[in-house]
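Input: a single structure, listed below in structure tokens.
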Amino acid sequence: MKKTNRKTIIAVLVITVALIALLIATTRSSTQYFLTVSELQSGEADMVGRNVRMSGVVLGDTIVYDPQTLDLTFEVAQIPGDHRVIEEMGGMALVLEQAAADPSLPRIAVHYNGVKPDLLKHEAQAIVSGSLDANGVFQAKELLLKCPSKYESDLPNQVGN
């Protein structure tokens, strides 16, 4: 009877250790850092090849698209990563406009292979997922764009009692 209990305990321990190792491995591989342009560039050596998500404002005059190869490149400029700071600065539409007009802000080149999104235009907010390559170019696997006009509409006036 003791031999059966010992085998059961060993089997349960082995299964538990295997499940914990599997959980740790999948959590590490799917971890994604959300960074601003300057945060990504400041840790550039450590960030090469890491799965990250970055947000910035699209600089329209840098957009280059080849419909034959589906290669799309553009630059994004730094915007604040904190929503409270964005609200203090006057809202997202104003932040995007100011960031696109400020040449002193950090910028990074983005490369994406796929169909050019309709919303890709000057002052759109780009949220890109991917990794930084050895040349400092962000290789995007996912590209999400938010049109600046989305932020310009005012909330309807609320009727109070």
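The values are calculated or read from the model by the stated rules, or taken from the named source; none is laboratory data. Given the structure is predicted, the values throughout are model-derived calculations rather than measurements. Cβ sites come from the backbone with ideal geometry, for glycine too, and all protein chains shown count toward neighbours.
Quick notes on this one:
- Those strands (runs of 3 or more DSSP E) of segment 25-111 in which at least 2 residues are touching a Gly at 6+ places or on another chain (Cβ under 9 Å) and modelled with pLDDT of 85 or more, considering only elements entirely within it, cover 52-66, 71-77.
- The one condition in (1) of a type outside the set (Phe, Trp, Tyr); (2) surrounded by 13 or more Cβ atoms within 10 Å (Cβ to Cβ); (3) under 18 Å from Lys146 (Cα atoms) that Asp71 fails to fulfil: (3)
- Count - residues of segment 106-116 that are surrounded by 15 or more Cβ atoms within 10 Å (Cβ to Cβ) and either over 14 Å from Val64 (Cβ atoms) or not assigned by TED's automatic domain parsing to the domain that holds Gly43 (or both): 3
- All positions within segment 101-128 that are of a type in the set (Lys, Arg) and more than 17 Å from Glu142 (Cα to Cα): Arg107
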